[in-house]
Amino acid sequence: MTPLARRWPVALAAAWALLWLGVAFTYHINEPSGVQSITMNGRTYVGSPPALSLFERDNFSVLLAMVLVTVAILVAFLDVTSRRRRADRRPGPATVVAGSLLVAFSLFGLLWGILSIGVVGLLLILASRPPRPAVAA
């Protein structure tokens, strides 16, 4: 069994989470038509409001998702590392629970939630699977 056999899904989940955070903090979304004013940082913009990033629109939700994803990735990393050290060939229950809770939480965000946090949860569930037995040559 290679050292990265169980860790690559966790590493890919962390990379996807970092990409999602980059989008949440930098990608600006235009206001829907019909919105004539918006208040941001104590200042009201009237007429053509500026496009806001997801963090500027709803910073609590972005911070909550960031904390949940970070905790889930840490739980998965610790679970995968401990199972690898013990040469445990069973699925990791902590990783399954963390990934499943992330997938369930992502359903609140509909399509955008599933594409961002849901992918991280699915990768963590994939990391919980036991490694394949080595093929004797």
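Filtered by the rule that a residue be out of contact with any helix residue (DSSP H, G or I) (no Cβ under 7 Å at 6 or more places or on another chain) and outside any helix (DSSP H, G or I), segment 80-109 gives Arg86, Ala87, Asp88, Arg89, Arg90, Pro91.
Filtering segment 49-74 down to residues that are polar (S, T, N, Q) and assigned to a helix (DSSP H, G or I), which residue is surrounded by the most Cβ atoms within 10 Å (Cβ to Cβ)? Among them, the one singled out is Ser61. Here Phe77 passes the criteria (1) assigned to a helix (DSSP H, G or I); (2) loosely packed, with under 13 Cβ neighbours inside 10 Å except the one numbered (2).
If you check Val96, Val75, Val10, Val103 for being closer than 15 Å to Leu124 by Cα, modelled with pLDDT of 90 or more and β-branched (Val, Ile, Thr), only one passes: Val75.
The values are calculated or read from the model by the stated rules, or taken from the named source; none is laboratory data. Every value quoted in this text rests on a predicted model; they were computed, and no experiment measured them. So basically every Cβ, Gly included, is an ideal-geometry build from the backbone, and we count neighbours across all protein chains shown.
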